[in-house]
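Engineer: Take this structure first; my questions come after.
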Amino acid sequence: MRLRELNQTMQRRGSKFSLAFLPVFILCTAAHLACARPTAAPDTDTRAALIRAAYEWREATLAGDFPRQATFYPKVMDAFYLWRKVPRSAVIAEKRRVFAHARTIDIDIDAPQVLIAPNALAARMYFRKTYEIEGNVDRKGEVLQELRWAKERDGWKIVSERDLRVIRQARK
């Protein structure tokens, strides 16, 4: 999604970007901020690359393009929701399982907030994600999601993917 489209979507929804991330700042501890605090002069190229990667990750997910999705993950992730030290193959297997039981999957994300580590080799990204999965079990809801990124030789990789807070959830 281009920035103009994102801005229009946010305006239609009446989204208040700064208020949407208030819980994130409450949840962050001094230890978290020490490794991912915003710099005085943010690296706009890095921030733009991460936001672009997040939207490409979302598009690959919506398309069910598992080989493309795999490019966003390292060989082993620190965290994937409640799992720790998760091989990329297990992440993709879980995504395949969800898609196999779904007729439709819709995911939307609000504009991400990005905190870049001082060395610009790691970053944290926070955004509201709404989802709707129709299939054997229908699920829909909204969460505050965190993606942790690490810069590797072949680009930015998601090393942790988790929900910080469930905002609303429904299951049929």
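Just so it is clear, none of the values below were taken in a lab; they were calculated from the coordinates. What you are looking at is a predicted structure, and each value in this text was computed from that prediction instead of being measured. Cβ atoms come from the backbone with ideal geometry, glycine included; neighbour counts cover every protein chain shown.
Engineer: Note the full-extension length gain between residue 81 and residue 103 as 0.36 nm times their separation in residues minus their Cα-Cα distance, in nm to one decimal. Please list the in-between numbers first.
Structural biologist: Values: separation 22, 0.36 × 22 = 7.92 nm, distance 2.29 nm.
Net length gain for the segment: 5.6 nm.
Engineer: Here is a further query. If one puts a single equal scatterer on every Cα of region 53-113 and applies the Debye formula without solvent, what log₁₀ I(q)/I(0) results at q = 0.19, 0.20, 0.29 Å⁻¹?
Structural biologist: Taking Cα atoms of region 53-113 as identical point scatterers yields -0.77, -0.84, -1.30.
Engineer: Going Cα to Cα from residue 85, which aspartates and glutamates come in below 12 Å? Please leave out same-chain ones fewer than 8 positions away.
Structural biologist: 161
Engineer: List the residues of region 97-124 whose backbone N lies under 17 Å from a point placed 7 Å from the Cα of residue 136 along the Cα-to-Cβ direction.
Structural biologist: Flagged as within label range: 97-105.
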